[in-house]
Amino acid sequence: MTMRRSIRLVACLVALLAPTASAESLEELLARAEATSATGRFDEAVAILQARLEKPEPDDNLVPVHGTLGDLYLEMAKPEKALEHFDWIAAEHPRYARTHYKRGLALEQLARFLEAIDAYALAGEQYYDEGEIRGRIGFNYTLLANLPETSAADRRRYGELARKSLTRAVQLDPRNHSAMGNLADITFNLGEFQLALDYYKRTDQMEPSRPMTLARIGSTHLKMGQHEPALENLLRAAKILEESKPRTQADVYVYRDVEAFSRVRAAECLIALNLSTEARNEISRVLEIANCPNCTTSSREVDRSKSRAEELLLQLDATPPANAEPAR
């Protein structure tokens, strides 16, 4: 074989082998998608994984691809898309406890609370962490109890089921911040305000200065007629949120809910303390949040806060200033 023919043959082999040598392994692709999502480029990470689903390699195990896509869609507040991927895994591998748990999270975001409870129960049957499962089930019973269409009898029943599950979750893991906070919520909803306040304060000790917890502490003080500690906690929550940058779209929704909730209740405190100018400032901020021109969706919490803010504004407008002269 001549030298020229040998070089030509090597060149042909390199050309044939190059695509195989440069093909990205599934592990490398998953790592690349994870690194991309870590910088907040979720759509780009989804595109990376979706391309592999459309053109998989022969030996690909697609379970982690579907699982990662489901997780990304949960982060992006797109539970319908997340559920598609978790459903795929559940159909192929019905004994995967994590998949049932993730299905529960997606169903929870879709407000399909009874289905979420069933999904969490399936995860528990496959030996997923019992404390976490009891916490999620209790949370969904809490959400069911809070639905406007829930009857008074069912509200009480769901409330007690929530309390039972959440109490068990806290017994199993006393450091379960989420379960403790939800136990405080359901205790508050059952009208046991002092006990709820104790639970909220224990939650704050676990993870100090979380805006949601501070807002709940403030709201409970307000319910008990303790306006000054209520105002302190509500304004702290609002300030933290105002200075924070949400990482995901889901965070954007939560931040709006909690800030609107905190500020409208701060306005109630300020009115009770005869600080009408400050109350008007808080009401204005609530209306700004509710009427955000760049926000494509609202929520029940934001709508409730807006409605309450408008009521308080009418109340202030109908109340004469403290130094006004009486009508002659």
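Of the candidates Leu197, Leu183, Leu166, Leu214, the single residue that is hydrophobic (A, V, I, L, M, F, W, C) and more than 20 Å from the chain's Cα centre (by Cα) is Leu197. Check the stretch 122-134 and report whether any residue there is among the basic types (Lys, Arg) and in a loop (DSSP other than H, G, I, E, B). The answer is no; no qualifying residue exists.
Taking the criterion of being outside any loop (DSSP other than H, G, I, E, B) and either modelled with pLDDT under 95 or of a type in the set (Asp, Glu) (or both), the residues of the stretch 75-96 that qualify are Glu75, Glu80, Glu84, Asp87, Glu92. Within the stretch 100-112, residues that are farther than 13 Å from Lys81 by Cβ have Cβ atoms under 9 Å from residues that are outside any helix (DSSP H, G or I) and charged (D, E, K, R) in these pairs: Tyr101/Asp129, counting only partners at least 6 apart in sequence or on another chain.
State which residue is modelled with the lowest pLDDT when the search covers only the stretch 302-328 and only residues that are loosely packed, with under 12 Cβ neighbours inside 10 Å and among the aliphatic types (A, V, I, L, M). Within the stretch 302-328, the match that is modelled with the lowest pLDDT is Ala327.
Criterion applied to Leu9, Leu30 was being surrounded by 10 or more Cβ atoms within 10 Å (Cβ to Cβ), at pLDDT 90 or above and part of a helix (DSSP H, G or I), and the one residue passing it is Leu30. Looking only at the stretch 132-144, residues that are more than 16 Å from the chain's Cα centre (by Cα) and either in contact (Cβ under 8 Å) with a residue 60 or more places away in the chain or surrounded by fewer than 23 Cβ atoms within 10 Å (Cβ to Cβ) (or both) come to 1 in all.
When you check Leu107 against the structure, is it crowded, with 19+ Cβ neighbours inside 10 Å and more than 21 Å from the chain's Cα centre (by Cα), yes or no? No; evaluated as a whole, the condition is false for this residue. The single residue among Ala184, Ala179, Ala196, Ala230 that is touching a His at 6+ places or on another chain (Cβ under 6 Å), without any contact (Cβ under 8 Å) to a residue 60 or more places away in the chain, hydrophobic (A, V, I, L, M, F, W, C) and in a helix (DSSP H, G or I) turns out to be Ala230.
The values are calculated or read from the model by the stated rules, or taken from the named source; none is laboratory data. This structure is a prediction, so every number in the text was calculated from the model and none was measured. So basically every Cβ, Gly included, is an ideal-geometry build from the backbone, and we count neighbours across all protein chains shown.
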